[in-house]
1. Given a cut-off of 22 Å, name the pairs among 150/349; 57/337; 150/351 whose C-alpha atoms lie farther apart than that in the structure shown.
2. Summing +1 for each Lys or Arg and -1 for each Asp or Glu, what net charge is found among the other residues whose Cβ lies under 12 Å from the Cβ of residue 43?
3. Expressed in nm to one decimal, what extension gain is obtained for the pair residue 115 and residue 32 from 0.36 nm per residue of sequence separation less their Cα-Cα distance?
4. Suppose R0 equals 22 Å. What FRET efficiency, 1/(1 + (r/R0)^6) with r the Cβ-Cβ distance, do residue 19 and residue 278 give to the nearest 0.05?
5. Taking 35 Å as R0, compute the FRET efficiency from the Cβ-Cβ separation of residue 67 and residue 314 and round it to 0.05.
6. Please give the charge dipole size of the chain, origin at the Cα centre, charges +1 on K and R Cβ atoms and -1 on D and E Cβ atoms. Round to the nearest 20 debye.
7. Can you give the Rg and Dmax of the chain based on its C-alpha atoms, in angstrom?
8. What is the extension gain from residue 266 to residue 51, computed as 0.36 nm multiplied by their sequence separation minus the C-alpha to C-alpha distance, in nm to one decimal?
Amino acid sequence: MYQAPLPPEYADLGPDETRARIQAAKAALGDRLVILGHHYQRDEIIEHADFRGDSYKLAKDAAAHPDADYIVFCGVHFMAESADVLTPDHQTVILPNLAAGCSMADMANLFQVRNAWKGLTQDAGIAPEAIIPVTYINSAANLKAFVGEKGGTVCTSTNAPTAVRWALEQGQKVLFFPDQHLGRNTGVKLGFDPERDMVVWDPFKPLGGNTIEDLQRATFILWKGHCSVHGRFTVEQIEAARLAHPGVNVLVHPECPLEVVAASDFNGSTEYIIKQVEAAAPGSAWAIGTEINLVNRLAKEHPDKTVFCLDPQICPCSTMYRIHPSFLLWALEELVKGNVVNPIVVPPKVKHFAGVALSRMLTVCA
Ligand code: 13P
Ligand code: SF4
């Protein structure tokens, strides 16, 4: 989304003044404000967050504070949308920089997903009730609404196996979007074979690039989407880390490709990654395949352990990084003046069915 430039008075502020003014604005807003911060945010943002977490925890945190007037979401657009869906109308969700999107979420849109549904149910002749759509939370609210209307659910990297197992109890096939890797890794965790049981749906090809027989046979129809950050991790990096640090534990996010997850020792959401390192023995070494702000913070918080990023070239999520402290300060100072900037408002009809899908996840995966 388009973000207008910051007012000029915010452009040249130094870090100390920015920090002090954020703290002052927070103090002025008191209990009317809750700031949520995703683990990939830079330290200069995380220090102001009332709650930090992965997508699953932050969705629950958003829903758990009905008394606050404002929820300022330091994360990316789909997270703020989910917070708006899960909160009552009297609460306003704010994304400090509207340009903080997610390139993976942008890889599936409603037109394409409706087209895929038509391809599967009409062209390939699969009964609609046999296909349960599951959308990763990294998706637009209108895709969550689609899923809610069709009897499916949302999932996050924390609960994908539970959500997909549930989906396969409701029908025979899962249409999983937009992240093919999380879908494939989850299917493998549940005992499915990627060659035999899964096909990839390319939204730019007729029938997603498949034959009707392949679509009828597959249990998993995986959308051809991926995360550009986690797509950077490779098996070669894991081999190099093991050579340089014998005994190292390799811990990756399940948005990484299957071969990377297979070559790792552990995989899970950002919250899982943090818990693993926290619980690890002093002196242990951890090579981590996820976004660099989180890895660097873990290294700083655990000086008794060796923690480093699998990708020696550094691996940032450029859209998460768009939540610069100046944007946070601007949004907060406008709230102090009584002005809401950058509200995230999901239209009522979308909100209803996206709410169905998100609530289903919270119930199924509680
Ligand atoms: P988590 O839910 O694990 O924090 O993942 C969110 C995300 O966007 C990872 O790339
Ligand atoms: Fe999206 Fe990847 Fe950034 Fe997560 S790390 S917000 S999936 S682009």
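1. Over 22 Å apart, Cα to Cα: 57/337.
2. My count for the surroundings of residue 43 gives +2.
3. Extra length from residue 115 to residue 32 when fully extended: 25.6 nm.
4. Efficiency, rounded to the nearest 0.05: 0.25.
5. Calculated value: 0.30.
6. Dipole of the chain, to the nearest 20 debye: 640 debye.
7. Cα only, the chain: 20.9, 63 Å (Rg, Dmax).
8. Result for the pair: 74.9 nm of gain on full extension.
The values are calculated or read from the model by the stated rules, or taken from the named source; none is laboratory data. In this text, all values refer to a predicted model and were calculated from it rather than measured experimentally. Here the Cβ is made from the backbone with ideal geometry for all residues, glycine too, and neighbour counts use every protein chain on show. Just so you know, the surface numbers come from the protein's heavy atoms only, side chains and all, with ligands and any DNA or RNA stripped out. Shrake-Rupley method; radii C 1.70, N 1.55, O 1.52, S 1.80 Å.
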